[in-house]
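Below: the structure, in structure tokens.
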Amino acid sequence: MKRTRVPAPAAAALAVVCLLAAADTLVVKVQTTPLRQAPQFFAPTVAALKVGDKLELIATQGAWRQVKTAAGLTGWIHSSAAEVPKFTLMAMSGGTKTEASAKEAALAGKGFSKEIERNYRAKHADVSFVWVDKMAALAVPAAQVEDFLKKGKLGEGRSSQ
């Protein structure tokens, strides 16, 4: 089979077009994050987003991003919860990969899978996972988190905001 080579300027132009198209796209990079009605940590939640969800960037306000989900929901997420997807650009000859893809980053953000955890526990039968399991099951009510942040003058609870 004859291989067709794409001229370098055409490949560069294609890369720029792809990057510009991706500039308005974000990917959730944390396991879960709330989509909020307003750009505040304690604003009501519109929906729960999960790692790997693709979002359309609408606007930016400080560290907050207004986004639209694939389902058409609009709301706000903190910039620490999402990123512009990374694309791997490799040399025409199939050079070395230098960036993680958005899919790879999303998979890494998921942590242990059930299978990996089961295998790890089997290999470390002498280790107690009781407290790990208890911490994983812990859920702190939003009102308690808000109170903690206000008392500690952290985040939106700071008086300078």
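The values are calculated or read from the model by the stated rules, or taken from the named source; none is laboratory data. Predicted model, so just to flag it, every value in this text is computed and none were measured. Cβ: placed from backbone, ideal geometry, glycine included. Neighbour counts: every protein chain shown.
Values for this structure:
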quantity: Residues of the range 26-84 classified as assigned to a strand (DSSP E or B) and farther than 21 Å from residue 139 by Cβ, total; calculated: 21
quantity: Hits in the range 39-81 - residues which are surrounded by 17 or more Cβ atoms within 10 Å (Cβ to Cβ) and of a type in the set (Asp, Glu); calculated: 53
quantity: Residue 122 being farther than 24 Å from residue 43 by Cα, at pLDDT 60 or above and either exposed (fewer than 10 other Cβ atoms within 10 Å of the Cβ) or under 17 Å from the mean Cα position of the chain (by Cα) (or both); calculated: yes
